[in-house]
Every structure is written in C-alpha cells, then in structure tokens.
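Some notes on the structure that comes next.
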Amino acid sequence: MRHVVDPVSAQRRTAVVADLADAAEISRDYVLLVVLSCVIATFGLSLNSGAVIIGAMLIAPLMSPILAFAAASW
C-alpha cells in the first residue's frame, strides 16, 4: 500500500488530529444544530417524508465526531 499512497508526514498527521479534536468538541452551535436536526427529523417522521428526514441528516453536524472516533481508534 505504501507504493500506491505517499506516507503522511508527522507534521501533517499532528495537524489533522488537532483539527479533528477541535471539530469534535461540544459547543453551543453544535448542540443547536443537533437539536434543530432532531426537530426536523421528527417533523419528517410525522409526515412520513423521506426527503425531510434526509434534509435533517444534512443539517446534523455528526460527521466530525465520527471521524474523530475513527482516527482515535486507528
């Protein structure tokens, strides 16, 4: 695999880990977006509308914590 992909420098790896740590912290904006996406998803479930539920998933900022967990477990 190392022949196909260039190895990542230690400086770049440290920068990526620092960015993921900053993005995975709980803040007021993060909680607000999660609450709003839950409200929209609940509205979509009550209307039986897949499009509204997908819209709620687009608003939810859940990718950063998932990426941070993946990087921490690696």
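Residues of region 22-56 that are under 21 Å from Ala72 (Cβ atoms), in a helix (DSSP H, G or I) and either charged (D, E, K, R) or at pLDDT 85 or above (or both): Asp22, Tyr30, Val34.
Answer yes if at least one residue in region 24-31 is touching a residue at least 40 places away in the same chain (Cβ under 8 Å), touching a Ser or Thr at 6+ places or on another chain (Cβ under 7 Å) and among the hydrophobic types (A, V, I, L, M, F, W, C), and no otherwise. Yes - at least one qualifying residue is present in region 24-31. Just checking, does region 44-57 include any residue being touching a residue at least 12 places away in the same chain (Cβ under 8 Å) and among the hydroxyl-bearing types (Ser, Thr, Tyr)? No, every residue in region 44-57 fails to be touching a residue at least 12 places away in the same chain (Cβ under 8 Å) and among the hydroxyl-bearing types (Ser, Thr, Tyr).
Looking at region 25-69, which of its residues are of a type in the set (S, T, N, Q) and either under 16 Å from the mean Cα position of the chain (by Cα) or surrounded by 15 or more Cβ atoms within 10 Å (Cβ to Cβ) (or both)? Listed by number, the residues that qualify are Ser27, Ser37, Ser64.
The values are calculated or read from the model by the stated rules, or taken from the named source; none is laboratory data. All of these numbers come straight from a predicted model, not from anything done at the bench. Note that each Cβ is placed from the backbone with ideal geometry, even for glycine, and that neighbours are counted across all protein chains shown.
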